[in-house]
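Working notes for the structure below.
The values are calculated or read from the model by the stated rules, or taken from the named source; none is laboratory data. Computed from a prediction, not measured in an experiment: that's the story for all the values here. Here the Cβ is made from the backbone with ideal geometry for all residues, glycine too, and neighbour counts use every protein chain on show.
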Amino acid sequence: MLFVPSIIIGVVHLTTGLLLNIINKFKRKEYAEGILVTGAWLWFYLGLMWTVFNKGIVFTDWFKDLSLQQPTQLLLHPFFLL
């Protein structure tokens, strides 16, 4: 029940941090690093979040058939989805 709101809060938190980093880079006149490094991470992150929220990728489905008896299976499960 709290999974989706916590994901949304995390997205807002990380996006705000990246935007503040870009602003700080611009204030220090590090334009290239602000755009090419932090801006690229922000672009990638927002694209990933757009894909997750608009394409209906459900992370809880990744773990529905796992048992707690095999912790290595829990750690490696996302790699088997490719």
Inset, instruction - Could you grab me the full set of residues in the stretch 1-34 that are over 30 Å from GLY56 (Cβ atoms) and touching a Phe, Trp or Tyr at 6+ places or on another chain (Cβ under 9 Å)? - result: ASN21, LYS25, GLY34
Inset, instruction - Tell me which residues, restricted to the stretch 16-40, are exposed (fewer than 14 other Cβ atoms within 10 Å of the Cβ) and closer than 30 Å to PHE3 by Cα. - result: THR16, GLY17, LEU19, LEU20, ALA40
Legend entry - Residue in the stretch 40-62 that is farther than 29 Å from GLY17 by Cα and either at pLDDT below 65 or small (Gly, Ala, Ser) (or both) present: no
Inset, instruction - Say whether the condition of being at pLDDT below 95 and among the aromatic types (Phe, Trp, Tyr) is met by at least one residue in the stretch 15-29. - result: no
Inset, instruction - Of all residues in the stretch 1-58, count the ones that are assigned to a loop (DSSP other than H, G, I, E, B) and among the aliphatic types (A, V, I, L, M). - result: 4
Inset, instruction - Please go through the stretch 18-31 and pick out each residue that is over 13 Å from LEU46 (Cα atoms) and within 21 Å of the chain's Cα centre (by Cα). - result: LEU20, ASN21, ILE22, ILE23
